[in-house]
Amino acid sequence: MRDTIAHRGPDDAGLWIGSDGRIGLGHRRLSIIDLSPAGRQPMQDAAGSLTIVFNGEIYNYRSLRSRLESGGCEFRTQSDTEVILGAFKTWGAASATRLRGMFAFAVWNDGDRTLTLVRDHTGIKPLFYYWDGETFAFASEIKALLAMTAVDDSLDRSAIWDALTYGYTPGAKTAYQHIRKLAPGHWLRFSDGSLRLSRYWDVPLDPDPSITEDQAVRLVQDRLQDAVAMSLVSDVQVGVLLSGGLDSSAVLAEMSRCSSVRHHSFSIGFDVAGHSETAYAKIVADLFKTVHHERTVGRESLQQMLPRVVSFFDEPFADSSSIPTFRVAQLAREHVKVVLSGDGGDEVFGGYAWYDRWLRQRRASAATPRWIQGALLRPAGALWPSWAPGVGVKRFLTGFGLDALAQYAAQIELFTPRQKRLAFSRDFAAEFEGYDDYWYFREYWRDDVDPRTCIQYLDLKTYLPDDILTKVDRSTMAVALEARPPLLDHELVEAMFRIPASIRFRAGGLKHVFRLALREVLPETILQRPKKGFSSPVSQWVKADRPWIRQRLASGPLPLGGISAARLGRLGWGAKLWTLLVVSEWAERHRARFGH
């Protein structure tokens, strides 16, 4: 199990087996803090009663260590791992509330025979667990759990159905019936054959109405500087993934303010000229005098990366930006071991264009008589081909008559419920008759808060951990590169959500307060440039690879119905076809399960 994830920690390996042989802990190490052998894991406290394995970094470990020492704790190493042990011994699982950083860890208490798993506030680091009623196990990746000799690897076929909606396996669910994810901001306690889950942190949804715009700007500036400074804690050099967008540029600006070191920056371009942002990245790199590195990704990556993507994620994961993320990670790993990134900025500061589209839809629905919506607008949207130009028009028209949650889902889903039923065979689609395609969104939908806060909260709880952070973790750790997103420091998140939505989204502007906070450190070229997400030109690539795509889908075991060579175009190109390719490739590895 341990060595299936050697890519995550090539520097060292450790193993500990309990005296009765009923528990074992394994660890692969990527040495970042306390590079000496003293930092090896699994690690025990001085008494040998607590044993820990830990993935991640605790940025405030030095201040926590000082506090624990003043209370009588003694330390034998300079590692943050031992600080977690001391904090756990002092405060128990509640110690997680005092940690700032990214982490997934497990502590075995030999005294009360209890295993405790803890995952960081926003889900930066992954943590999977397996329980079949007899065997309990956990790991950073699913592949380690599948390596167990007695594993029940029965599939959850609904993961395929969900993947076509969300692009990933949502929530605690995985593609395997007995494997689950520990949710962000939660801990799990396993003892005497029983599990207990508890949430220790959530995004605050009680803004302070007394905060003014000027106060909001200063608050964000202070928390941003603090978050980036803390994220630089390391015993090795730290670089930055630089897209040229607002978020990664802000991170580099603060890095330069905090440190006089000349940082390395890394950017990816594409063979489709209009899709690259390297020109903007170069502007920022020159401004802050980094040692800048660029690489271009071409269409050949589509075929090369398909099996790798499935191997990285162990289950259907369809975000095609995993391709450039992996390529920029490869580039960065040639020079550094740790990078900062701008991930989380859109969720924390409100930067997605679909927020505005959804609000326009809501206003239009409220102003349009219901009979017009049902008799004219929705039918017109249904007739609009999915592959035709103006797909936004189709989504807008078909959104009429839906409730607020379904209207939001229509803005970001990959396949509509109807398209999924066209894509799969009748027999497979029949398994999901009456299925709630938006069940995951429903879990975190909050009608009791400002509408913009509602969808920000939803994205922070769903899209961020299950798509963005999953993509970054697997793509970077595949090459043993640690990626740290300082914009997801939980104290920065809390500060941002204390600001009223009327200020966060003043004048309808995306990232309004964030842009004001950066006026003195970034040029207008970057501050005012249109939003462009970090994604691959997958639409252009799949159009050029149609014969290969037809062959892959036709020969795969996936129970496809409407995806014949003659009907490929009906579902459009780009993200939809890449999703089908990924799901089909994953199903190929479980071909026997999809036989007829």
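The values are calculated or read from the model by the stated rules, or taken from the named source; none is laboratory data. Please read these numbers as outputs of a predicted model, since none were measured by experiment. So basically every Cβ, Gly included, is an ideal-geometry build from the backbone, and we count neighbours across all protein chains shown.
Residue pairs whose Cβ atoms lie under 8 Å apart, sitting 6 or more positions apart in sequence or on different chains, and linking a residue in region 134-160 that is without any contact (Cβ under 8 Å) to a residue 24 or more places away in the chain and more than 28 Å from residue 9 (Cα to Cα) to a partner that is among the charged types (D, E, K, R) and surrounded by 17 or more Cβ atoms within 10 Å (Cβ to Cβ), are 156/173.
Return yes or no: is residue 111 modelled with pLDDT under 95 and more than 25 Å from the chain's Cα centre (by Cα)?
The answer is yes for residue 111.
Could you tell me whether residue 117 is surrounded by 14 or more Cβ atoms within 10 Å (Cβ to Cβ), of a type in the set (A, V, I, L, M, F, W, C) and within 21 Å of residue 478 (Cα to Cα)? Here the answer is no, as residue 117 does not meet what is asked.
For every residue, the table says whether it meets (1) acidic (Asp, Glu); (2) surrounded by fewer than 22 Cβ atoms within 10 Å (Cβ to Cβ); (3) more than 19 Å from the chain's Cα centre (by Cα).
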| position | (1), (2), (3) |
| --- | --- |
| 77 | no, yes, yes |
| 99 | no, no, yes |
| 107 | no, no, yes |
| 139 | no, no, no |
| 148 | no, yes, yes |
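Note on region 494-544: residues that are at pLDDT 90 or above and in contact with a Ser or Thr (Cβ under 7 Å, 6 or more places away or on another chain) total 3.
The one condition from (1) loosely packed, with under 15 Cβ neighbours inside 10 Å; (2) under 31 Å from the mean Cα position of the chain (by Cα); (3) modelled with pLDDT under 95 that residue 34 does not meet is (1).
Touching a residue at least 60 places away in the same chain (Cβ under 8 Å), buried (at least 17 other Cβ atoms within 10 Å of the Cβ) and over 27 Å from residue 340 (Cβ atoms): is that true of residue 94 in this structure? Please lay out each step first, then the result.
Numbers: touching a residue at least 60 places away in the same chain (Cβ under 8 Å): yes; buried (at least 17 other Cβ atoms within 10 Å of the Cβ): no; over 27 Å from residue 340 (Cβ atoms): yes.
For residue 94, the condition - touching a residue at least 60 places away in the same chain (Cβ under 8 Å), buried (at least 17 other Cβ atoms within 10 Å of the Cβ) and over 27 Å from residue 340 (Cβ atoms) - is not met.
Set side by side, the residues 38, 47 differ, and just one is under 22 Å from residue 73 (Cβ atoms), without any contact (Cβ under 8 Å) to a residue 12 or more places away in the chain, out of contact with any strand residue (DSSP E or B) (no Cβ under 8 Å at 6 or more places or on another chain) and not hydroxyl-bearing (Ser, Thr, Tyr), which is 47. Applying the set (1) free of Cβ contacts under 8 Å to residues at least 24 places away in the same chain; (2) under 23 Å from residue 355 (Cβ atoms); (3) among the charged types (D, E, K, R) to residue 436 leaves exactly one unmet item: (2).
With a requirement of 2 or more residues that are of a type outside the set (A, V, I, L, M) and surrounded by fewer than 19 Cβ atoms within 10 Å (Cβ to Cβ), the helices (runs of 4 or more DSSP H) lying completely within region 424-531 that satisfy it span 426-430, 439-444, 451-461, 490-498, 524-527.
What about residue 392, is it surrounded by fewer than 18 Cβ atoms within 10 Å (Cβ to Cβ), at pLDDT below 85 and on the phi < 0 side of the Ramachandran plot? If you could, list the steps in order and put the result at the bottom.
Numbers: surrounded by fewer than 18 Cβ atoms within 10 Å (Cβ to Cβ): yes; at pLDDT below 85: yes; on the phi < 0 side of the Ramachandran plot: yes.
Against the criterion (surrounded by fewer than 18 Cβ atoms within 10 Å (Cβ to Cβ), at pLDDT below 85 and on the phi < 0 side of the Ramachandran plot), residue 392 qualifies.
When the residues of region 127-137 are narrowed to those that are of a type outside the set (Ser, Thr, Tyr) and touching a Leu at 6+ places or on another chain (Cβ under 7 Å), which ends up surrounded by the most Cβ atoms within 10 Å (Cβ to Cβ)? So the residue we want is 127.
On the given criteria, is residue 28 assigned to a helix (DSSP H, G or I) and at pLDDT 95 or above? So residue 28 does not fit the description; no. Restricting region 150-186 to residues that are closer than 21 Å to residue 102 by Cβ and among the charged types (D, E, K, R), which is farthest from the chain's Cα centre (by Cα)? Top of the filtered list is 180. Within region 342-356, one or more residues are within 30 Å of residue 171 (Cβ to Cβ), surrounded by 23 or more Cβ atoms within 10 Å (Cβ to Cβ), under 23 Å from the mean Cα position of the chain (by Cα) and among the aliphatic types (A, V, I, L, M).
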